[in-house]
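The next block holds one structure in the form of structure tokens; read it before the comments.
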Amino acid sequence: MTLPPNCGGLGRIRHFYKGSGGEGWPATPLPIVPALSSLGREQSDSLTAEVFQNAGCNWRCWYCFVPFELLDGREAHGEWVNAGELVDRYIAEPDATRPAMIVLSGGQPDLCPEWVPWTMEALRARNLEGKVYLWSDDNLSTDYFWTYLTEEQRILVATFKGYGRVACFKGFDNESFAFNTGAAPKLFDQQFDLFARLLATGVDLYAYVTLTGPSVHNIDDRVARFVDRLQSVHPNLPLRTAPLRVVTFGVVGERLRGPLVRIRDDAERATEEVQVRAIAAWMRELEARFDGEARATPIDRVTIR
Ligand code: SF4
């Protein structure tokens, strides 16, 4: 963190940069492009956001930048507040430093699926719908969106002005998914089902993918099959998908020297050789499947309905 926490200790300012992947990586347009577009502002290479995180996740990705003890839902690491209070704390921040975007992150925000519609209701009640861009993460692991929200809440999420949601594919096949998350390999298949269901609701939906895995065996073909699977959801979905570069820093390095030392060698190979070859394969697949004009389309204008 380069700035101290705000909003009474529950918020932080995150700086998003399009060039965060570094050399050899495509630009990371999320959430900058859809946010600025929605807010009617000029495009930029960076953007700040007010980030709130729920302190729980059902997975334990080895590369997670959140310390694992903050994913356990321990009350000692958080505070019980409702969505309206979070929005009020955001509004109370000084105008000069308050970003125009709120990010609901985690952890896995969808473990409490009401968080998104309740935040929307709070923004709407304060006449901020469309004036503040709302963005939320989803690790594509639960169906709580359908099992715990009412139809009215689902419609609100799909139609709220100035909302985008990003869902993260945690690998490019069952093996890389299981290596990355520690979850059962078959849950990788479920990620596609959940993405398709979310897409059908009409929500403005985007995807991330992390291209790490334990082995480079047949990597070109495995990445090609991953792109096939994205296209089985919608032919244009690869153009709404942003690869995220995994880097070993801070808490990730500590974890690989400590509790996850048994996978340290695999993790090093995953972030170096595997990821480097996978992103090269990803870019070749996109060049082969889409012309230059399609690849240059701003991500929020790529049609996937
Ligand atoms: S799904 Fe996200 S929050 Fe959960 S462990 Fe993985 S990276 Fe961390």
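The values are calculated or read from the model by the stated rules, or taken from the named source; none is laboratory data. From a predicted model like this one, the values you see are computed outputs, not experimental measurements. With ligands, DNA and RNA removed, areas are computed over all heavy atoms of the protein, side chains included. Shrake-Rupley method; radii C 1.70, N 1.55, O 1.52, S 1.80 Å.
Descriptive notes on the structure:
- Accessible surface, per residue, of the stretch 161-305 when the full set of protein chains is kept, probe 1.4 Å, Å²: 44 Å²
- Eigenvalues of the alpha-carbon gyration tensor of the stretch 154-220, scaled by 5 and square-rooted, set the equivalent ellipsoid semi-axes at 28, 12, 9 angstrom, largest first.
- Here, P(r) means the percent of Cα pairs in each 10 Å bin from 0 to the largest distance; for the chain it is 6, 27, 37, 24, 6, 0.
- Normalising the average separation of contacting C-alpha pairs (under 8 angstrom, six or more residues apart) by the number of residues puts the relative contact order of the stretch 51-102 at 35 percent.
- Stokes-Einstein translational diffusion, the stretch 35-94 - Kirkwood Rh over all Cα pairs, 0.692 mPa s, 37 °C, in µm²/s: 227 µm²/s
- Taking the Cα atoms of the stretch 247-300, the ratio Rg/Rh between the radius of gyration and the Kirkwood radius comes to 1.23.
- Accessible carbon and sulfur surface of the stretch 1-107 relative to its total accessible area, %, 1.4 Å: 51 percent
- Available extension along the chain between Val216 and Leu286 is 23.2 nm, counting 0.36 nm per residue and deducting the alpha carbon span.
- Compactness relative to 2.2 N^0.38 Å, alpha carbon Rg of the stretch 57-137: 1.19
- Antiparallel bridge percentage (DSSP; both residues within the chain; nearest 5): 30 percent
- Each principal axis of the Cα atoms in the stretch 139-273 has its own extent, and those three values, largest first, are 48, 32, 26 angstrom.
- Gain on full stretching of the segment that runs from Glu272 to Val251 - 0.36 nm per residue minus C-alpha separation: 5.7 nm
- The lysines whose alpha-carbon is closer than 26 Å to the alpha-carbon of Lys170, local same-chain residues fewer than 8 away aside, are Lys18, Lys186.
- Where the stretch 1-52 is the region considered: accessible area per residue in Å², 1.4 Å probe: 51 Å²
- Largest to smallest principal axis extent of the C-alpha atoms in the stretch 187-237, angstrom: 37, 20, 15
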